[in-house]
Amino acid sequence: MSTTKKPNIIIILADDMGFSDVGCFGSEINTPNIDALSNDGSKTNGMRFTQLYNCARCCPSRASILTGMYPHQAGIGHMVYDAGVGPEYQGYLRHDVPTIAELLKKTYATKNNDGTKEEVGGGYATYMVGKWHAGGEYPPDATHDWIQSTMGDETHPTPTQRGFDEFYGTLGGGGSYFQPPSLVRDDEVIREVMPEDFYYTDSINDEASRMIESKSKSDNEQPFFMYVAHTAPHWPLHAPKKEVDKHRGKYMKGWDDLRQKRHAGLVEQNLIPSTWECSPRDVHCAAWEEKDDKTQQWEDARMATYAAQITIMDEGIGRITESLRKTGMYDNTVIFFLSDNGGCAEYLKENGEEGHWPEFYGGLTRDGKKIDVGNLQHLEPGGEETFMSYDLPWANASNTPFRLFKSWVHEGGIATPFVVHWPKALSRGNKDHEKICHSPWIMMDIVATCCKIGGIPIPSNLEGESFLPLLRGESQCRQRPIFWEHQGNCAVRDGKWKLVYGRCEEGDDDWELYDMNKDRTELNNLASQHKDRVEQMIQMWKEWAERVGVKPWPLHPIPEGEKDWSNLPWLW
């Protein structure tokens, strides 16, 4: 068995996965390994958080979970391109903001009473696998030579430059699961064509397992920190056919039926109260019955592919936990599992002009076939020659019971399923009841919590707050309000109150106020009844926005005759 005294730490981040997309959060999708992180069946080694928030989109969330800061403070206030409006929107992690890997890797000296010094805390080995997406822009059609010459420069910092001892994964955002763009190992581009049985999600999980087992053989005394950053289930809808077929037919009753069943599942698992009504079907979503049989069959295939992406990820997470058991490190490893934003409504419109988003994801498959980009109903989703999304209606189901989607800061965009698993700590206490935390936290709090777990001082300017006492069975609530801004969508959460503003909400562009204890599905706007509170919270948000460097949206004037496409993903 391992004699490591300080716990190992693993953060597993899913990509574009909604609040109710895993079994332990009400889903029909079979995720036994993620579910086991919340409760392994014999004793409660895990805790579920029902109000853990992310930052509404992939790269801002990844910047925040890597630094414990708001995305703007970390340098990625919008996306990973330089918006030209200041360091808050430079598109890569700021050099003056340390990453969690840098914090845990360092050792810290302290003075004893007798004046002698000793090293305390830190000293972690650090590993990362998967999607970086925090170090500048990497076009999906970039050449290997361009990537090799660009990665590591001033505006494209790599994981190994930001505290990770080893890295295997992709530097950019989404892309093919069969031939991922910008795939590198440490600081070298992987140029070869992937073998026939290659699938990126499996590769991420298997590399994580390999690193764990290699670490146990080389130095089982030194603790490790690992960041497993998945691309699943982000578009494109890619999965092996045999895996997709396992889910075919499960979704023939449609998204309305699915939302009702997931809402009931969440209530049954005591994750939400029965008094919270499920939000109505999104206004941009047609009723399932309006679709003809052929369309329903194709929609079933799309959601089946999405479900397969999640189950494949879950199976790989099982291999990671098995590696921990095999190496004797399971009990003393804390695992965090969450998603970077809510379900994604992006359509991937197929009839745009060549060279415009998303058509630049086109190209050729490994065997030279043309990739058809877009939700083309005459094609079967899942294969390498396709590039589809599951679209707004299924995203609406993923985010059950909440409103809206990725990029918004209504609950559908920022609520994540969150599980913490730590046998050595969480198995203490009452084993007869599952542990569920219903108080609000945000993903940057994970960094502060990791600092406490690793025995290192929390930087004085860190925005995150540690919830370690909760994991030890103590009562605790977050002390400071939580704020958001993404693409002009704004919110503040202060205790039971949430004030939120959503751009491009048809017919209403005012701030909305909700009592989250009674109405977390945001159906009963109380702004007109509490005008003083609204004004007070608007002022709080403005002061925060000025402090962290939020700029007015849009960042640049929209050309005459154009739209603010950023908040119209169902038209992309």
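In order along the stretch 362-369, phi translates into HN-Hα couplings of x, x, 10, 6, 4, 9, x, 7 Hz, rounded to whole numbers, per the Karplus curve 6.51 cos²θ - 1.76 cosθ + 1.60 with θ = phi - 60° and x for Gly and Pro.
Computing Rg/Rh (Cα atoms, Kirkwood Rh) for the structure here picks out one of (1) 1.04; (2) 0.97; (3) 0.94, namely (3).
By DSSP, what percent of the beta bridges with both residues in the chain are antiparallel, rounded to the nearest 5? Mind showing how you got there, number by number?
Details: 36 of 67 bridges.
The answer is about 55 percent antiparallel.
Over the stretch 164-320, accessible surface divided per residue gives 40 Å², non-protein components excluded, 1.4 Å probe.
Model label points for K294 and W565, set 7 angstrom from Cα along the Cα-to-Cβ axis, are 2.9 nm apart.
Using Cα pairs closer than 8 Å and at least 6 residues apart in sequence, work out the relative contact order for the stretch 442-572, in percent. Present the calculation step by step, with values, prior to reporting the outcome.
Working: 141 pairs, mean separation 19.3, N = 131.
Across the stretch 442-572, relative contact order equals 15 percent.
For I371, the residues whose modelled amide H falls within less than 5 Å of its own, excluding neighbours fewer than 5 places apart on the same chain, are G363, L364, T365. Take the Cβ atoms of T155 and N525, set R0 to 45 Å, and the FRET efficiency comes out at 0.60. Take every pair of alpha-carbon atoms less than 8 Å apart whose residues are at least six positions apart; their mean separation over the length of the chain yields a relative contact order of 23 percent. Listed values for the stretch 122-139 are Karplus-derived 3J(HN,Hα) couplings in whole Hz (6.51 cos²θ - 1.76 cosθ + 1.60, θ = phi - 60°), namely x, x, 7, 6, 10, 9, 9, 9, x, 7, 7, 6, 9, x, x, 8, 10, x, and x replaces Gly and Pro. Which FRET efficiency value, to the nearest 0.05, is calculated for Q479 and K518 with the Förster distance at 25 angstrom and r the Cβ-Cβ distance? That gives a FRET efficiency of 0.65. Each residue of the stretch 441-452 was assigned a 3J(HN,Hα) from its phi angle through the Karplus curve 6.51 cos²θ - 1.76 cosθ + 1.60 (θ = phi - 60°); the sequence is 9, 9, 4, 5, 5, 4, 5, 4, 5, 5, 4, 5 Hz, with glycine and proline shown as x. Given labels modelled 7 Å from the Cα in the Cβ direction, how far is it in nm from Y108 to Y81? With each label point 7 Å from Cα toward Cβ, the separation is 4.0 nm. Among the trypsin sites (Lys or Arg not before Pro) within the stretch 61-162, those in coil by DSSP and having at most 16 neighbouring Cβ atoms inside 10 Å are K106. Of the solvent-accessible surface of the chain, computed with a 1.4 Å probe and all protein chains present, 48% belongs to carbon and sulfur. Over 19 Å apart at the Cα level, from the set K435/K496; K498/K542; K131/K242, are K435/K496; K131/K242.
The values are calculated or read from the model by the stated rules, or taken from the named source; none is laboratory data. From a predicted model like this one, the values you see are computed outputs, not experimental measurements. Don't worry about glycine lacking a Cβ; one is built from the backbone with ideal geometry, like all the others, and counts go over all protein chains shown. To get the accessible areas, we keep the full protein, side chains included, count just its heavy atoms, and leave off ligands, DNA and RNA. Shrake-Rupley method; radii C 1.70, N 1.55, O 1.52, S 1.80 Å.
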